[in-house]
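Report on the following structure.
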Amino acid sequence: MTIETREARQPWILLSPSLVAITLLLVIPLLFIVVYSFWLRTATGADQAGFFLDNWNEALTDAFYRDILLYTLKIAAITTVACALLGYPAAYFIARSKGNKALLLLLLMLPFWISYIIRTMSWINILGVSGAINSILISLGIISEPIQMLYNQVTIVLGLVHFLLPFMILNIYVSLEGIDVTLEDAACSLGATRWQSFLEVTLPLSIAGLAAGGLLCFVLAAGTYITPVILGGPSDAMFANLVFEAIITQLDWPLGSALSLMLLAVLGALVLVYNHFLGMGQLMKGLGK
Amino acid sequence: MDNSKRYERLLERYNNGDLDRRSFLGLIGAAGLAYGVATPFAKQALAATEQVRFDGWGGVVSEAFRKYAFDPYTKKTGIKVVDGTFGSGDEYISRIKASQPGEYNIAHLSGVFDYARYNNLGLTSVLNEKNIPNLQFVIPKLTDVFRKVTDGTLSCVPYDYGTTGIAYNRKHISDEEAKKKGAKLLIDKELKGKLGAWGDWRTRIWYASLQTDQDPNNATDMDAVWNAIRTNRDLLLKYWSSGAELMSLLAEEEIYATEAWSGRVYALQEQGHDIGYLDPLNGFGWQECLFVIKDSPMEACEELLNFMLAPATSIAVAEGQNYPPALDPKKVDLGKKIPKLPAFDPTGTLDGLTFANPTYWNGHEQEWSKEFGRIQKGY
């Protein structure tokens, strides 16, 4: 075996455990879901194997699913924008801080040590009728009756931002860390103000991290299930809740499969759009590669 | 048919000239390969018969089962009980659907309609009742409804019962007002933003039937039912999805009224919360059972069911979860706490409770669960 052949094989050998895992745990189950989406649920709850387009027809033509999908994308978009607006200054502060960077990064990672569900439920103790904010406002005499703050769209976005903000900050931080700070000084020495040097130099160079964080936040927010269940109001359901209902409550695995593939296709299309405008290479840059 | 018999038959067909030599050797080779592949797993499967898997709601119920039934059972039989939990009956049936035969054995399921669903999916077994002598203590009415579904046989033993009635905060709603309004309390416009509801299609349709003065087991005007569900939805703060969430919403005074599970309300009352509980006329009665899934080791399961039905176990579980046991109070002394539990029937006839008719509910399941899902989301 020549050195060239061995070198050509080496990446595949190294990649093979991951490829096997991805094939077994992702590709094959996904193929099962594709097959399931063409089956039918019978009245007794059992599945009828075959090739039926009924589920796809329902998923693609029923306005109910379209509306919930649009609502889901809207919530995901608002969450992503909020994460970007809140995350950029935080990431900038960490990247430019001296001495206590490790501590700040540790603080950023701290929420990951607590279960996502517990973190989401913590808002009930903060925003609830007898929660911290209402209790303080009442004890200060600012209000006499508690304000109803929970169980609406705002609390869903709040819960999602709480969950996703660290992902955004980390992506932007990695991107900012890769920028040579002397470039900003050079811009200033050429007459730019600090704000102009940020807008003209730092922001464009960190856009890859912002975009990578944005993509990650959007995809995770669009696929969320638990946040609307815990923090949403009576009509605040997102698309993943429909998939859950179809598969678990209605035992309609074929329709649930079609719906989950529909969400996958929409989010996949988003990644393709990202790839078209920024390229996946930018995503790698954003992740510090 | 065992493997030896299969090989003998193959050999007989080969000797008779029905199989050529190549096919015979090919089939023997394939059988050998299958044996080689299957044997390690067959060993595991055999070992699995030395244990029984039980799935339930967890918490105090599991603790009581462990102490009063599982440990004594293991001590007597040497069979280990693997104790699992699930969040909802719907979630569990999905797990069963995705499992291998024999993987799950006994489950603490709710409602007769779940029993009928399992039957429709071909997941029922047939219990040998002679192996469960403690079944004699169970209220006959509770077993009869299961027998009707499975042609006189049983795939489960009844275990406890309760109601889904109306819970209300006495600081804001008096007992008189709750009694006067009954199920219509949950569509009272004055309580907008202070009502909760369980996001379960059956419960919603049941209560909407009561709110529109219809028989919950035979509603004839479904448009009125859907409209009542919409009215209720528009007044809600939230659809709750678990007992813990229900208790939190009531205890924190986020909501003043909701339909609620009798045992959970009793637990709140025990904690000192001033929560009233009302079973309106034709309120939702239900029972839970210990269901044995098809392909389970039957004798081992039957023996375990007998331990679980023993009065000491049943009473301990009932006191833990605040739901009366399925034991007939005319045959068994149920102690001091159980007679105080909501929904408890001292006569053992359960004539005061209305149970769901499984034929009616399961016959509409596909259509109604989907329709409710849409209405719940604002449609």
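Okay, here's what the table says:
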{"item": "Karplus 3J(HN,Hα) series, Hz, for segment B:272-283 with 6.51 cos²θ - 1.76 cosθ + 1.60 (x for Gly, Pro)", "result": "x, 7, 7, 10, x, 9, 9, 9, x, 4, 6, x"}
{"item": "Peptide-level mean, for B:89-96, of C-beta atoms on other protein chains within 10 Å", "result": "3"}
{"item": "Segment B:218-244 versus segment B:185-207: alpha-carbon centroid distance in Å", "result": "5 Å"}
{"item": "Cα gyration tensor shape of chain B, rounded if a/c is under 1.5, else prolate or oblate by comparing a/b with b/c", "result": "prolate"}
{"item": "Per-q log10 I(q)/I(0), segment A:154-228, q = 0.17, 0.22, 0.24, 0.26 Å⁻¹ (Debye; single scatterer per alpha-carbon; no solvent)", "result": "-0.69, -0.89, -0.98, -1.07"}
{"item": "Dipole magnitude of the protein assembly as shown, debye to nearest 20 (Cβ charges: Lys/Arg +1, Asp/Glu -1, about Cα centre)", "result": "1120 debye"}
{"item": "Helix B:140-149 axis, angle to chain B major axis (alpha carbon atoms, nearest 10°)", "result": "60 degrees"}
{"item": "Between segment B:90-145 and segment A:166-229, the Cα center-to-center distance that results, in Å", "result": "57 Å"}
{"item": "Backbone HN-Hα couplings from phi across segment B:310-323 [Karplus 6.51/-1.76/1.60, Hz, Gly and Pro as x]", "result": "4, x, 4, 5, 4, 5, 4, 5, 4, 5, x, 9, 6, 10"}
{"item": "Kirkwood hydrodynamic radius of chain A, Cα pairs, Å", "result": "22.4 Å"}
{"item": "³J(HN,Hα), Karplus 6.51/-1.76/1.60, whole Hz, each residue of segment B:166-179, x for Gly, Pro", "result": "10, 9, 9, 7, 5, 5, 10, 10, 7, 4, 5, 4, 4, 5"}
{"item": "Considering only the protein assembly as shown, percent of DSSP beta bridges that pair antiparallel, nearest 5", "result": "65 percent"}
{"item": "Degrees, to the nearest 10: B:3-15 long Cα axis against longest axis of chain B", "result": "40 degrees"}
{"item": "Nearest-20 debye value, chain B charge dipole, Cβ charges on Lys, Arg, Asp, Glu", "result": "580 debye"}
{"item": "Packing-based order for A:167-175, A:93-101, using average beta carbon neighbours within 10 Å, highest first", "result": "A:167-175, A:93-101"}
{"item": "Beta bridges per DSSP with both ends in chain B, % antiparallel, nearest 5", "result": "60 percent"}
{"item": "Where the Cα pairs of the protein assembly as shown fall when distances are cut into 10 Å bins, in %", "result": "3, 12, 19, 22, 19, 13, 8, 4, 1, 0, 0"}
{"item": "Over chain B, relative contact order from alpha-carbon pairs under 8 Å, at least 6 apart, %", "result": "25 percent"}
{"item": "Value at 222 nm in deg cm²/dmol, rounded to 500, when DSSP H runs of n ≥ 4 in chain B each add -39,500 (n - 2.57)", "result": "-14000 deg cm²/dmol"}
{"item": "Whichever aspartates and glutamates have a C-alpha closer than 20 Å to that of B:K238, once near sequence neighbours (fewer than 8 apart) are set aside", "result": "A:E145, A:D236, A:E245, B:D188, B:E190, B:D200, B:E252, B:E253, B:E254, B:E259, B:E371"}
{"item": "Segment A:47-109 - charge dipole about Cα centre, Lys and Arg +1 at Cβ, Asp and Glu -1, debye rounded to 20", "result": "900 debye"}
{"item": "By average C-beta atoms within 10 angstrom, highest first, the peptides A:19-27, B:126-134, A:114-122", "result": "B:126-134, A:114-122, A:19-27"}
{"item": "Principal-axis tilt of helix B:222-235 within chain B, Cα atoms, nearest 10 degrees", "result": "70 degrees"}
{"item": "Average other protein chain Cβ within 10 Å of Cβ, residues A:143-153", "result": "2"}
{"item": "5 angstrom amide H check on B:D328, placed H, neighbours 5+ away", "result": "B:V138, B:I139"}
{"item": "Cβ neighbours within 10 Å from other chains - mean over B:354-365", "result": "1"}
{"item": "Of B:K130/B:K330; B:K76/B:K141; B:K192/B:K377, those spanning more than 26 Å from alpha-carbon to alpha-carbon", "result": "B:K76/B:K141"}
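Only the coordinates and a few stated rules stand behind these numbers; no lab work does. All figures in this text were calculated on a predicted structure; none of them were measured in a lab. Note: ideal-geometry Cβ built from the backbone for every residue, glycine included; neighbour counts use all protein chains shown.
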